[in-house]
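I have placed the structure first, in the form of structure tokens, so that the comments after it can refer back to it.
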Amino acid sequence: NGFTVVQTIQAGLDVESAQSVSRKQLPKPATSLVFIKTHKTGGTTMASILNRFGYRNRLSFLFNKGDKVHGHFRLSKLAQKKPRSFLPPLCVATGDYKHYKNYSMMTAHLRLLPNLVQLKRFMKSDCKFVSILREPSAQWESAFSFFGAARSMHISKDGRGNTSVANIATFLSNPKFYWNTAKGGHAKYYSRNGQLFEFTEDGAIHDYEDTVNDIIKQLDLHLHLVVITEYFDESLILLKNLMNWSFRDIIYVKKNARVTHSNITEEQREKIREWNSADILLYNHFNRTLWQKIADQGASFERDLRTFRDLMRDYSAECGIEDNEAARKGQKMLRVGHVTSNNSVFCKRLVSENYETTKMIMARQRLGALCGVKRSKVI
Ligand SMILES: Nc1ncnc2c1ncn2[C@@H]1O[C@H](COP(=O)(O)OS(=O)(=O)O)[C@@H](OP(=O)(O)O)[C@H]1O
């Protein structure tokens with residue numbers, strides 16, 4: 001349309017600044033959010049958006065101090081953790097446990113229902129609860145490969161990241177049998193209804209329909225937004241509006257995508273869906289509620305989505321983002337990384353891996369009460 005990249009980004013920013021004029025009457029951007037990160041759903045892409053926002057706005061994160069790279073809590077329960085397992089909020093001295101509260105963000109792996117009470121105790125009171133779900137056959141295939149389920153079920157010696165469709169065919173010939181041979185761990189938890197598992201009170205793998213529907217009802221009460229991976233951009237517009245954030249805040253680069261996937265047939269996909277019937281109920285429910293929320297937005301929604309996608313394209317060009325089939329150190333599976341030809345802080349943060357942002361957030365909170373001291377004196 002004759003616009004240069006800079007002009008279109010400027011146009012996008014104009015939309016934002018037009019918004020910020022009317023924003024004077026709107027509430028300030030919300031800064032308090034719990035993101036229940038689920039596995040193999042696009043959770044890392046979501047966490048990278050939220051962590052970037054939190055880092056830029058100097059927010060305090062509830063992270064598990066014991067996991068120095070990611071801060072995940074995984075299966076542990078907050079009720080069994082003492083505050084000394086967390087990093088202090090910004091500007092609170094390490095060890096001043098009675099002030100380990102009013103955290104703004106939580107973006108790590110943590111199961112929701114067993115931790116609701118404690119989350120409410122440690123997080124700010126106006127905190128929004130968000131999570132993410134992916135079409136179950138796609139999420140299952142990603143998890144089966146990533147966690148090396150074939151090896152743990154003695155199907156083959158193939159380890160983590162293997163995408164052999166023969167392993168999946170063997171598994172699907174008798175799912176219950178193979179699943180029961182796995183002792184435990186992620187390979188087991190995430191190869192049957194692994195998405196529901198992220199939320200349940202007792203950590204059991206449920207598939208009785210009434211029980212699943214009860215759990216869904218509870219989740220519906222507590223979750224303000226469930227992102228649907230297949231409608232990631234649409235979901236982000238809802239997030240932006242829920243939090244009163246800007247378009248720029250939700251710009252993202254897709255993280256953790258594998259270079260190769262198992263080439264499963266439609267018939268196999270159907271079997272995977274049958275095997276993951278609880279996840280299907282969960283996904284269908286929140287896919288429906290996503291579209292209800294979109295309908296509630298009215299005509300502005302489509303306009304917002306177009307603006308956002310234009311901006312995404314423009315930032316990608318402006319940052320000179322390129323795919324880079326990077327084999328990560330110590331990991332056998334090939335995943336797509338990204339590089340930028342532009343040295344701006346924004347572009348660099350956009351392409352950086354989520355754990356790098358997490359590391360910066362954690363390093364800042366480790367300063368404890370030293371937060372008031374000028375950076376140059378501390379570092
Ligand atoms: N925005 C967006 N849209 C669609 N799909 C996306 C997106 N972001 C990540 N992905 C896909 O999600 C898979 C990685 O999920 P996670 O980041 O949750 O994995 S992890 O649990 O943190 O290891 C991984 O799936 P597979 O490639 O099938 O393994 C990614 O490709």
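The values are calculated or read from the model by the stated rules, or taken from the named source; none is laboratory data. Keep in mind that this is a model prediction, so the values were computed, not measured. In this analysis, Cβ positions are derived from the backbone assuming ideal geometry, glycine residues included, and neighbour counts consider all displayed protein chains. Surface areas here come from the heavy atoms of the whole protein model, side chains and all, with no ligands, DNA or RNA. Shrake-Rupley method; radii C 1.70, N 1.55, O 1.52, S 1.80 Å.
Magnitude of the charge dipole for segment 221-346, about its Cα centre and with charges confined to Cβ atoms of Lys, Arg (+1) and Asp, Glu (-1), is about 420 debye.
Checking every one of the chymotrypsin sites (Phe, Trp or Tyr not before Pro) in segment 146-250 against DSSP loop status and a limit of 13 other Cβ atoms within 10 Å picks out TYR208. For segment 231-351, relative contact order (Cα pairs under 8 Å, six or more residues apart, normalised by length) works out to 31 percent.
Between GLN218 and SER125, the distance separating the two model label sites (each 7 Å from Cα on the Cα→Cβ line) works out to 2.5 nm. Rg then Dmax, both in Å and based on the Cα atoms of the chain: 21.3, 63.
Set Lys and Arg Cβ to +1 and Asp and Glu Cβ to -1, take the dipole of the chain about its Cα centre, and tell me which of PRO175, PHE286, HIS70 lies farthest positive. The Cα lying farthest towards the positive end belongs to HIS70.
When only Cα pairs below 8 angstrom with a gap of at least 6 residues are kept, the chain shows a relative contact order of 24 percent. With respect to the cross-link table entries LYS81/LYS120; LYS28/LYS255; LYS77/LYS120; LYS37/LYS255; LYS255/LYS348, which display a Cα-Cα separation exceeding 19 Å? LYS28/LYS255, as the Cα separations exceed 19 Å there. Among ILE250, VAL336, CYS371, flag the residue with its Cα farthest along the positive direction of the charge dipole of the chain, charges on Cβ as +1 for Lys/Arg and -1 for Asp/Glu. With unit charges placed on the Cβ atoms, the residue in question is CYS371. The spread of Cα positions in segment 173-293, taken along each principal axis and listed from longest to shortest, comes to 49, 37, 27 Å.
From a point 7 Å beyond the Cα of GLU267 in the direction of its Cβ, which residues of segment 150-181 have a backbone N at a distance under 17 Å? Under 17 Å, as judged by backbone N against the label point of GLU267, lie 165-175 of segment 150-181. Summarising the label geometry, the points placed 7 Å from Cα in the beta-carbon direction at ALA295 and LYS77 lie 3.9 nm from one another. Ordered from largest to smallest accessible area (heavy atoms of protein chains, 1.4 Å probe), the residues LYS255, LYS293, LYS98 come out as LYS98, LYS293, LYS255.
In a DSSP loop and with at most 10 other Cβ atoms within 10 Å, the trypsin sites (Lys or Arg not before Pro) in segment 23-79 are LYS24. As a fraction of the 1.4 Å probe accessible area of segment 198-325, surface on carbon and sulfur atoms comes out at 44 percent. With axes computed from alpha carbons, what is the tilt in degrees of helix 232-243 against the longest principal axis of the chain, rounded to the nearest 10 within 0 to 90? With rounding to tens, the tilt is 50 degrees. Dipole check for segment 199-276: with +1 at the C-beta of Lys and Arg, -1 at the C-beta of Asp and Glu, and the Cα centre as origin, the magnitude is about 680 Debye. Entry comment: accessible area of the chain is 48 Å² per residue, from protein heavy atoms only and a probe of 1.4 Å.
Under 19 Å from a point 7 Å along the Cα-to-Cβ line of LEU334: which residues of segment 145-165 have their amide N that close? Correct set: 145-148, 158-165.
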